[in-house]
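Trainee: Structure incoming, see below.
The values are calculated or read from the model by the stated rules, or taken from the named source; none is laboratory data. The shown structure was predicted, so the numbers you read here are calculated from the model rather than taken from an experiment. In this analysis, Cβ positions are derived from the backbone assuming ideal geometry, glycine residues included, and neighbour counts consider all displayed protein chains.
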Amino acid sequence: MIFTTHDTSLLGTMMGEEVLKRDQVWFVEKDTSGASELYPLSDFKPRKGENAERRYLRGSYGAVPFLDVDDFVSAAKGEQ
């Protein structure tokens, strides 16, 4: 099964167990030309017990959403 989410808590643990295993997590990052690159969390060789959610939110794995405020406001107003 493949799904996408912006729920970073899935990178954490629940009752001491990983919600998703490191080889089950993939990131997508767009380059400046708009092309997407797909890469797994396991490429970063995270240590067992490492807080992947915190590291992701700090930008350690890339794929952090960039939101241009002006574009967001225009989209929210229905202006394209």
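Trainee: Being among the hydrophobic types (A, V, I, L, M, F, W, C), assigned to a loop (DSSP other than H, G, I, E, B) and surrounded by 10 or more Cβ atoms within 10 Å (Cβ to Cβ): is that true of Val64 here? It would help to see each step written out before you state the result.
Mentor: Values: among the hydrophobic types (A, V, I, L, M, F, W, C): yes; assigned to a loop (DSSP other than H, G, I, E, B): yes; surrounded by 10 or more Cβ atoms within 10 Å (Cβ to Cβ): yes.
Criteria met by Val64.
Trainee: Here's another thing I want to ask about it. Which one is nearest to Pro65 (Cα to Cα) among residues in region 13-48 that are hydroxyl-bearing (Ser, Thr, Tyr) and surrounded by 10 or more Cβ atoms within 10 Å (Cβ to Cβ)?
Mentor: Only one residue fits best here, namely Tyr39.
Trainee: Would you pick out the residues in region 42-59 that are more than 16 Å from Ser9 (Cβ to Cβ) and at pLDDT 85 or above?
Mentor: Ser42, Asp43, Phe44, Lys45, Gly59
Trainee: Let me ask something additional. Across region 1-27, which residue is farthest from the chain's Cα centre (by Cα) among those that are closer than 11 Å to Tyr61 by Cβ and assigned to a strand (DSSP E or B)?
Mentor: The selected residue is Trp26.
Trainee: Could you list all residues from region 49-60 that are surrounded by 11 or more Cβ atoms within 10 Å (Cβ to Cβ) and of a type outside the set (S, T, N, Q)?
Mentor: Result: Glu50, Ala52, Glu53, Arg54, Arg55, Tyr56, Leu57.
Trainee: In this structure, is Ala35 more than 20 Å from Thr5 (Cβ to Cβ) and under 17 Å from the mean Cα position of the chain (by Cα)?
Mentor: It is true that Ala35 is more than 20 Å from Thr5 (Cβ to Cβ) and under 17 Å from the mean Cα position of the chain (by Cα).
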